[in-house]
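J.: Shown below is the structure under consideration.
The values are calculated or read from the model by the stated rules, or taken from the named source; none is laboratory data. The structure displayed is predicted, hence computed values, not measured ones. Here the Cβ is made from the backbone with ideal geometry for all residues, glycine too, and neighbour counts use every protein chain on show.
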Amino acid sequence: MSRRNHRGGRPGVRTERVASTLREVISEELNRIGDDTVAYVTVTDVEVDAELTLAKVNMSTLDLVDEDLDGVREHTPRIRKAIAQRANIRRVPILQFMVDPGLQAGTRVEELLRSMTDDRAFGDAPDGPAGDGAGEPMPPSGQR
């Protein structure tokens, strides 16, 4: 039986360890870079594929927009060099920087909730959550 089938598809200890090491090294290197373009960027998570060839680096920025990561992308060669020097891995994976999708989703939910409370404060709220009359009282059964 192959190792992959034996594990049931869950990530291996090695990929988790490499992801943790990459997160630490990338965070430290971003702190060492004296550039304002990376001053407010934080590494939130790193996901490494099973072959250790690709690392998706989830990041948090002030505005949570992809353009905020352009400064980080400019420093990719320096970050890869730091990984090669400090991480005990044969090959440095390709780094793919992206805004953390979980943070984007959370921000969107917060915006929606805020707009709902603003609408209700000004009396502009629809009858129900979908504006479909769901806020109206139900007629007694049999009187539709």
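J.: In segment 52-100, which residues are over 21 Å from Gly12 (Cα atoms) and without any contact (Cβ under 8 Å) to a residue 24 or more places away in the chain?
T.: Selection gives Leu62, Asp63, Glu67, Thr76, Pro77, Arg80, Lys81, Ala84, Gln85.
J.: If I ask for residues that are in contact (Cβ under 8 Å) with a residue 24 or more places away in the chain and either polar (S, T, N, Q) or closer than 15 Å to Ala84 by Cα (or both), which ones from segment 31-51 would you list?
T.: Thr37, Thr44
J.: Would you mind finding the one in Arg17, Arg10 that is farther than 16 Å from Phe97 by Cα, modelled with pLDDT of 90 or more and either exposed (fewer than 14 other Cβ atoms within 10 Å of the Cβ) or out of contact with any strand residue (DSSP E or B) (no Cβ under 9 Å at 6 or more places or on another chain) (or both)?
T.: Values: Arg10 fails: modelled with pLDDT of 90 or more.
Residue meeting the stated conditions: Arg17.
J.: Are any of the residues in segment 49-57 assigned to a helix (DSSP H, G or I) and loosely packed, with under 13 Cβ neighbours inside 10 Å? Write out each step before concluding.
T.: So the first thing to find is which residues in segment 49-57 are assigned to a helix (DSSP H, G or I), and the list is none.
Within segment 49-57, not a single residue is assigned to a helix (DSSP H, G or I) and loosely packed, with under 13 Cβ neighbours inside 10 Å.
J.: Only one of these is part of a loop (DSSP other than H, G, I, E, B), of a type in the set (Val, Ile, Thr) and touching a helix residue (DSSP H, G or I) at 6+ places or on another chain (Cβ under 7 Å): Val72, Val92. Name it. Let's see the steps before the verdict.
T.: Details: Val72 fails: part of a loop (DSSP other than H, G, I, E, B).
Step by step, each of Val72, Val92 is checked, and only Val92 is part of a loop (DSSP other than H, G, I, E, B), of a type in the set (Val, Ile, Thr) and touching a helix residue (DSSP H, G or I) at 6+ places or on another chain (Cβ under 7 Å).
J.: So, Glu24, is that one surrounded by fewer than 16 Cβ atoms within 10 Å (Cβ to Cβ), in contact (Cβ under 8 Å) with a residue 12 or more places away in the chain and assigned to a helix (DSSP H, G or I) or not?
T.: Working: surrounded by fewer than 16 Cβ atoms within 10 Å (Cβ to Cβ): yes; in contact (Cβ under 8 Å) with a residue 12 or more places away in the chain: no; assigned to a helix (DSSP H, G or I): yes.
No, not satisfied.
J.: Ok, one more. Do the conditions hold for Asp118, that is, is it modelled with pLDDT under 85, charged (D, E, K, R) and within 16 Å of the chain's Cα centre (by Cα)?
T.: Details: modelled with pLDDT under 85: yes; charged (D, E, K, R): yes; within 16 Å of the chain's Cα centre (by Cα): no.
Here the answer is no, as Asp118 does not meet what is asked.
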